[in-house]
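Have a look at the structure below before the remarks.
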Amino acid sequence: MTVYSARLLLGACLLLSAPALRAAEPPSRAAAIAAADAAAGLPAKPAEVSACAAPPAPGQKLAGDMKLGEEGHSITLANSGGGDALVKIRHAGTGKLAASYFIRAQEELAIEGVPDGTYMIQYAFGPALAADCKSFTRIIKANQMPDADVLKTVVIDDEDHTEVKRSSISYALSVSETANVKPVSIDAAAFNAE
């Protein structure tokens, strides 16, 4: 065998074995996220998850029995959490859902005409709205304000005038633990309860 033939044979062997010599492909972004979720003890994401085809309009109430009035208290919620949020306002005494809203990242929601009552405010962040457009495909983080908010109309009536006082509360929704109000972490089942 000549030197030329040996080189040709060696070159052919290298070309045929080249796919086997390639380095393994790096994991996809989705695989890396799934591995991180598994390491954190989060449940695996379902394979096929339908997303909301028409997200709700800003300020649109999604569910709950709260009837807003012409007059009443106000609740303002600013979403500073970095992702879309769902907010649930619950009757503190029963835990029953009073109202729920979707707030896009970095947007603010003002709810006017809230009736008297004692309410708990919960919120959650997720990657996308589910097909029902009222829940997330997966909850990344869910929190609840540490105390109930008591909203009560006070009427002061004396000889000179009548004065009606209503409450106005405001919260910034965040995943940060350094906010003025320290929310309490809750699980997804507690947040998703009707």
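Observations, loosely collected:
- Selection within region 160-175 - of a type in the set (G, A, S) and either over 14 Å from L77 (Cα atoms) or modelled with pLDDT under 90 (or both): S167, S174
- Considering region 137-159, the residues that are of a type outside the set (V, I, T) and outside any strand (DSSP E or B) include one that is least open to solvent (accessible area, probe 1.4 Å), namely M145.
- On inspection, Y101 fails the criterion of being modelled with pLDDT under 95 and in contact with a strand residue (DSSP E or B) (Cβ under 6 Å, 6 or more places away or on another chain).
- Selection status of T162, of a type in the set (S, T, Y), surrounded by fewer than 18 Cβ atoms within 10 Å (Cβ to Cβ) and under 23 Å from A53 (Cβ atoms): no
- The set of residues in region 152-194 being touching a Ser or Thr at 6+ places or on another chain (Cβ under 6 Å) and of a type in the set (S, T, Y) consists of S168, S170, S174.
- Screening region 44-136 for strands (runs of 3 or more DSSP E) wholly inside it with 3 or more residues that are surrounded by 15 or more Cβ atoms within 10 Å (Cβ to Cβ) and in contact with a helix residue (DSSP H, G or I) (Cβ under 6 Å, 6 or more places away or on another chain) returns no ranges.
- Check on A92, in contact with an Asp or Glu (Cβ under 7 Å, 6 or more places away or on another chain) and under 18 Å from N143 (Cα atoms): no
The values are calculated or read from the model by the stated rules, or taken from the named source; none is laboratory data. No experiment lies behind these values; they were computed from the predicted model shown. Heads up, the Cβs are rebuilt from the backbone with ideal geometry, glycines too, and the neighbour counts pull from every protein chain shown. Surface areas here come from the heavy atoms of the whole protein model, side chains and all, with no ligands, DNA or RNA. Shrake-Rupley method; radii C 1.70, N 1.55, O 1.52, S 1.80 Å.
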